[in-house]
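So the structure is just underneath, and the comments pick up after that.
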Amino acid sequence: MAKFAKNKPVRSKIFLKNAQKSMTIKNRNICGFCKEQNNERLYPVKDIFGDEYSIHKCFECNAYFLAPRPDEEKLKQAYDTSYYGENKEKFSSPGVERVLDRFRQGRARRLRRYISDVAKVLDVGCGNGRFLMYLSRLGHFHLYGTELEGKSAQRAAQVQQITLKTGMLEKDDFAQESFDAVTLFHVFEHLAEPAQMLEIIASIVKKDGIAVFSFPNIESYQSKWFKGKWLHLDPPRHLFFFGPDDFKALMKKHGFEAINEHYISTEQNPYGMVQSLLNLWCDKREVLFERLKGNKEYIKNYKGIKLFLQKLFFVFTFPLFIFTDIIAGIMKKGATVEIIFRKQNC
Ligand SMILES: [Zn+2]
């Protein structure tokens, strides 16, 4: 509404209040986090299947969310093959997986600074389990992972150092205050019941224990520039988003204090810039990204020359966007954020 008010200075506050009220009544889209209906529509977004959604902002809990909420069939389609990759690994190029392994090692080393040599660690949505595998090399940890049934879980099941639960983390899976650290790397925004997940995490982390969350920064420069074309909206898989300060305030209510935050990510952010620009200029979104994941079906009618030009653009601009990500990160406007929390001892 603030934006609307700015554009229409002649309209009175009463008018705006009424407009907001009537919009809220008409707008039956329910917030993905708090389940309230008091929100505004910000901008449209189309997924790779051609389905149309909007990003809304909730006036109650400050979450941004995808509306209407995709039904189970649409989510199943979205997660089916192209999300986890068609091959042995998520990305068809072994080079990409090797680079991702370097980032997984970096995450493991960062967490290691906050935990003891015998810590008990849970990675929620552990993917192929390789982050935990690298962590296992840095101490004598007890490592647990959860991953939904599918190709990633099958890959994680091969990692011997992990006790894996296939499926969603449930309330009674683990004892209260039993973990020294719980991590969710780019998982939170996918959850159907995120508020419940926070309750569970708050209960299973020990006092003085660590919780690590990383997610797209909806208040980043990229998000503001690209709106519905932004790569990290990833419709229809990302259901909701929080600005970093709102998320920290939410975690505070659960007894967690933010002790560190990173806004620079060479893994996530420069590619976000490349793909979002391509999404802006090209008629079809995420062509190059889907190609990297081996989704041949999505690109089967796409002209080879256009794909080649996109690859060329990627190769030549990526170094530049590593540099611009550092600047955005310093301003706390990086496209993704990782926040490390410590549970208060009281
Ligand atoms: Zn809400």
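Quick note: the coordinates plus some simple rules give every number you see, no bench work behind them. Since this is a predicted model, take the numbers as computed values, not measurements. Cβ sites come from the backbone with ideal geometry, for glycine too, and all protein chains shown count toward neighbours.
Observations on the model:
- Value in Å of the Kirkwood radius, where the chain supplies the Cα pairs that are averaged: 21.3
- The chain: calculated mean residue ellipticity at 222 nm from DSSP helix runs of at least 4, using -39500 (n - 2.57): -12000 deg cm²/dmol
- Taking 0.36 nm per residue of separation and subtracting the Cα-Cα distance, full extension of the segment from residue 158 to residue 282 would add 40.7 nm.
- Potential extension, residue 203-residue 253 segment - 0.36 nm per residue separation minus Cα distance: 16.7 nm
- Rounded to whole Hz, the Karplus (6.51, -1.76, 1.60) HN-Hα couplings of the stretch 36-48, x for glycine and proline: 8, 10, 8, 8, 10, 7, 9, 7, x, 8, 10, 8, 6
- Between the residues 127, 278, 139, the greatest Cα displacement towards the positive end of the dipole of the chain, with unit charges on the Cβ of Lys, Arg, Asp and Glu, is found for 278.
- Sequence-distant residues sharing a close amide H with residue 240 (under 5 Å, placed H): 66
- Annotation for the stretch 214-275 versus the stretch 103-133: alpha-carbon center distance of 20 Å.
- The chain: Cys lacking any partner C-beta under 4.7 angstrom: 126, 282, 346
- Helix runs (DSSP H) in the chain reaching 30 Å along axis by Cα, Kyte-Doolittle at least 1.0: 304-330
- Listed values for the stretch 113-119 are Karplus-derived 3J(HN,Hα) couplings in whole Hz (6.51 cos²θ - 1.76 cosθ + 1.60, θ = phi - 60°), namely 5, 9, 10, 7, 5, 10, 5, and x replaces Gly and Pro.
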